[in-house]
Amino acid sequence: MNKLFSLMIAAALCLTSVAQENELRVFYETAKKEIAPAFVAPSLGSQVAITMMSGQEREGILMKIDAAAITLMTDTGSVSYKRAALKESSRAVFFAEDFARVKALEKTKAFKDELRMESLAEEAASIHSGVLSVSGKIDKDSDKQVEQEDRENPRDGEKRKFTTTTRSYTETQQLTIDVANTTTHLDNYTVDYFFFYKPVQSGNERANEEPSATEETRNARLLSKGTRKVTVDARRRDRFSIASEPCVVEKVSIETDGRSGDHAPRVSGKESAGYLVLLKHGSTVLDKKASAKSYLADEWVDQFK
């Protein structure tokens with residue numbers, strides 16, 4: 001019988017670490033000692049029902065309880081049932097030691113489940129996962145200023161009208177960022193965002209063209225950056241919007257008496273060159289999004305971790 005209960009205890013402790021197994025054994029022994037005084041056996045002469053190890057059920061009037069058996073008065077007369085032949089739940093009704101063992105085992109199983117749930121919660125809390133979703137658009141604006149001035153030609157003394165036209169093209173990158181928490185617990189994230197530009201100079205005929213993905217990082221420079229701390233509930237998402245500093249390109253042309261000058265228009269300023277967004281927990285990058293694939297290359301991202 002003791003061997004049977006040892007096997008039952010071992011089953012309750014299975015799939016645990018050695019440290020946890022020892023903790024559960026101590027808990028079991030303590031619970032058994034605390035539970036034992038609460039045992040009260042059925043009164044002699046009371047009607048009782050028992051279940052055999054085979055699963056068969058018997059009932060009768062309780063006549064006697066000793067260390068190894070109980071005796072019932074049944075329809076067929078007085079019948080003795082050995083303690084070892086009774087199912088553990090029935091033994092716990094009639095014998096103090098079995099009562100303490102069964103009840104302590106039930107408490108130990110419940111305690112083990114609590115430990116398992118705590119362990120799962122701790123394990124889940126150590127997992128950090130998140131997903132970024134970024135949508136962007138560029139707000140564009142333009143302005144035109146014209147200045148006229150009369151100047152005298154030193155060679156012939158004739159006055160000529162000089163017209164200077166300055167056209168300004170302004171671009172501001174707008175981003176909407178979604179942070180999705182894919183874990184089963186509330187978590188804290190850091191969102192780092194970077195905006196880039198490319199310098200524009202006279203002779204650059206591609207000033208208003210979109211560069212290809214493979215060329216995006218070529219000559220790209222950091223325009224502005226920022227960080228946002230985000231706390232997101234389990235399986236939920238948070239959304240916020242950010243904007244870059246404006247990029248301005250100026251195109252200056254000069255005409256004389258309505259005719260274009262000898263030189264091509266002067267072009268200068270900064271053109272928007274895209275963005276990079278990193279989702280991090282601590283120093284670990286969980287996800288990244290960018291306006292072009294080349295911005296996602298490790299050698300580029302490593303500059304901004």
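Going by alpha carbons, how many degrees (0 to 90, nearest 10) lie between the helix axis of 96-125 and the longest principal axis of the chain? The answer is roughly 0 degrees. Take the Cα coordinates of region 235-305, assign each an equal point scatterer, and use the Debye formula without solvent to give log10 I(q)/I(0) at q = 0.11, 0.25 Å⁻¹. After summing over all Cα pairs, the log10 values are -0.52, -1.18.
Two decimals, Cα atoms only, Kirkwood Rh: what is Rg/Rh over region 32-147? Rg divided by Rh gives 1.71. Under 29 Å of direct C-alpha separation, and excluding same-chain neighbours fewer than eight residues apart, Lys103 reaches these lysines: Lys3, Lys32, Lys33, Lys64, Lys82, Lys87, Lys112. Between 0 and 90 degrees, the angle of helix 18-35 with respect to the longest Cα principal axis of the chain falls at about 40 degrees.
What residues have an amide H closer than 5 Å to that of Ala292, excluding those fewer than 5 places away on the same chain, when H is modeled at 1.01 Å from N in the peptide plane? Amide H neighbours of Ala292: Tyr275. In degrees between 0 and 90, to the nearest 10, how far off the longest principal axis of the chain does helix 2-13 point, with axes built from Cα atoms? In the chain, helix 2-13 runs at an angle near 10 degrees to the longest axis. Bridgeable lysines around Lys289 (alpha carbons under 30 Å apart, same-chain partners fewer than 8 residues away excluded): Lys137, Lys140, Lys198, Lys225, Lys229, Lys270, Lys280, Lys305. Short-range pairs are left out: with C-alpha atoms under 8 Å and at least six residues apart, the relative contact order of region 130-301 is 30 percent. Compactness ratio for region 130-301: Cα radius of gyration over 2.2 N^0.38 Å (N = residue count) comes to 1.46.
Relative to its residue count, the chain spans a Cα convex hull of 205 Å³ per residue. Its relative contact order, with pairs defined as Cα atoms under 8 Å and 6+ residues apart, puts the chain at 15 percent.
Taking amide hydrogens as placed 1.01 Å from N in the peptide plane, the amide H of Gly130 sits under 5 Å from those of Thr182, each at least 5 positions away in sequence or on another chain.
Read the figures in this text as sums done on the coordinates, not as results from a lab. From a predicted model like this one, the values you see are computed outputs, not experimental measurements.
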